[in-house]
Amino acid sequence: MNASPLSYWLASAPPFMGGAKGGVEGSADIAIIGGGFTGLSAALALAKRGASIVLLEAGKVVGEASGRNGGQCNNGTAHDYGALSARFGKPVAKAWYRAHCDAVDTVERLAREEGIACNFTRCGRVKLAAKPKHYDKLARAHDLLAAEVDEHVRLVPPARIGDEVGSDAFHGALIQTTSAQIHPARFGVGLAEAATRAGAHIFEGAEVTGLDRTQTGWRVVSSRGSVDAKQVLVATGGAPAAAPFGFFRRRIVSVGSFVIATEPLDDALIETLLPGRRNYVTSKNIGNYFRLAPDNRLIFGGRARFAISDARSDLKSGRILEETLGQIFPALKGVGVDHVWGGMVDLTADRLPRAGETGGLYYSMGYSGHGVQMATHMGQQMARVMSGEPDANPWAELDWPSVPGHFGKPWFLPLVGLWYKWQDVIH
């Protein structure tokens, strides 16, 4: 495989031109740690409220998960709505479901208000039944969603699956019609430029190595200098190795998700395989997600291996994804692959986001595969929380115990992978 190891999204986005020059120094109302969707969205909202903002990013803005995902911006939770209702009660399940819908609206609003050219499109999401019995579960989910919380869902029976996808691998589907897709890196760079215009100071290459309490708040120490801030928002999306982040490191499990981008496909072929040009996700635990890019490349991803993302792992996973793509779509067997990359998905044990305050630090993270929309939304919501509106946080009442035996390195990932593979066999 002779493909670029750079994310297609990052490779096809404009550079961020508004980065702050010189060293980090002085003081600010708020320091934000992390330059992904959460941090950039919060920086924009807080700067527009008149706060002085310093954002510290260890690498490049949207250089990690925010620029390495599948570009899907979907309504609905990562969980079965019925299971959430049974566990937490209908009012809570409805509120969380609607928070995800609100999150897609937030992405659309920001793209429109800030004039961000990110190809935002309400295309709908198709959940594809990988087994006949999976369709029965999707049918039950459809009936409950339509009755209680989401009128924008419809079923595709097995006999009509060809209307949505040209593959014999699936047995019906559930469509959430108001889900969207974006070019995530263009969106992220647009957020960064907008935050800079609003007055935020964004420092790239500023890895945070220390957090010290002061009489007036915090001293945030980075590789480019230090800043004193009254408040701090941790928006790292994961658990950095530095000692101040130990609380988060024990509660976030980061697992690799891997993606390939094909060469541009012919319009006639696309009309045969994916006529609706929607977002697609399969119903297996270790499944796949895919969509078309604006230039007709197929973006095809999944947890091909339960491993961290690095150059070697990305390449191995890319080969698995290429093989799987040919199995699902025989017409694409041997198609050219131009990009192969990986990124880290930050999971909580129950796959629900977490946001709030601990030890005087504000935080929002753990979006568990739904970060494009929820991270953007929670940046806006945490700006409200930090400005004195605690009810703006939809996740405020969730407790967050540490993961037993987890201290930063996910040694148990191969075991988790085996368990999920077995679940896909028996269910």
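We did not get these values from a lab; they are worked out from the coordinates using the rules stated. Just so it is clear, the structure is predicted and the values come from calculations on it, not from any experiment. Because the Cβ atoms are built from the backbone with ideal geometry, glycine has one as well, and the counts that use them run over all protein chains shown.
Among beta bridges identified by DSSP and lying wholly in the chain, the antiparallel ones come to about 70 percent.
Taking label positions 7 Å along the Cα-Cβ direction at both ARG312 and ASN2, the computed distance is 2.5 nm, reported to one decimal. Extension gain, ALA117 to ALA331: 0.36 nm times the residue separation minus the Cα-Cα distance gives 73.8 nm. In order along region 260-267, phi translates into HN-Hα couplings of 10, 10, 6, 5, x, 9, 5, 4 Hz, rounded to whole numbers, per the Karplus curve 6.51 cos²θ - 1.76 cosθ + 1.60 with θ = phi - 60° and x for Gly and Pro. When the Cα positions of ALA58, SER402, HIS171 are compared along the charge dipole of the chain, SER402 comes out farthest toward the positive end, with charges on each C-beta of Lys, Arg, Asp and Glu.
Could you work out the Kirkwood radius for region 261-383, taking every pair of different alpha carbons, averaging 1/r and inverting it, reported in Å? Write down the numbers at each step before the final one.
Details: mean 1/r = 0.0607 Å⁻¹.
Kirkwood radius, region 261-383: 16.5 Å.
Listed from fewest to most Cβ neighbours within 10 Å, the set SER283, SER387 follows the order SER387, SER283.
Can you tell me what the convex hull of the Cα atoms of region 1-137 projects to on average, as an area in nm²?
On the way: hull surface 52.7 nm².
It is 13.2 nm².
Pop a pseudo-label 7 angstrom from the Cα along the beta-carbon direction at both ARG109 and THR177 and give the gap in nm to one decimal. Going by the 7 Å Cα→Cβ label model, 2.4 nm.
Sorting the segments 31-44, 82-95 by their mean number of nearby beta carbons within 10 angstrom, highest to lowest, gives 31-44, 82-95.
Taking the Cα centre as origin and putting +1 on Lys and Arg beta-carbons and -1 on Asp and Glu beta-carbons, what dipole magnitude results for the chain, to the nearest 20 debye? Spell out each step's value before the answer.
Numbers: 45 positive and 41 negative charges, 138 e Å.
Dipole magnitude for the chain comes out near 660 debye.
In the chain, taking the dipole from charged Cβ atoms about the Cα centre, the farthest positive-side position among PHE248, TYR8, LEU191 is held by PHE248.
Helical content of the chain, expressed as a calculated mean residue ellipticity at 222 nm, amounts to -10000 deg cm²/dmol (DSSP H runs of 4 or more residues, -39,500 (n - 2.57) each, divided by residue number, nearest 500). From the alpha carbon centroid of region 10-34 to that of region 220-283 is 18 Å. The modelled label-to-label distance for the pair PHE247/LYS90, using points 7 Å beyond Cα in the direction of Cβ, is 3.6 nm.
Given the choices (1) 35, 23, 21; (2) 73, 19, 16; (3) 37, 28, 18, semi-axes √(5λ) of the Cα gyration tensor in Å derived from the coordinates of this structure is entry (1).
Find me the longest stretch of the chain that has none of the exposed GluC sites (Glu not before Pro), where exposed means in a DSSP loop (not H, G, I, E or B) with at most 13 other Cβ atoms within 10 Å.
The answer is 152-396.
Once you reduce region 284-335 and region 148-187 to the center of their Cα atoms, the two points are 19 Å from each other. Go ahead and run the numbers for FRET between ASP266 and HIS152, Cβ-Cβ distance against an R0 of 30 Å, rounding to 0.05. The pair ASP266/HIS152 has a calculated efficiency of 0.45.
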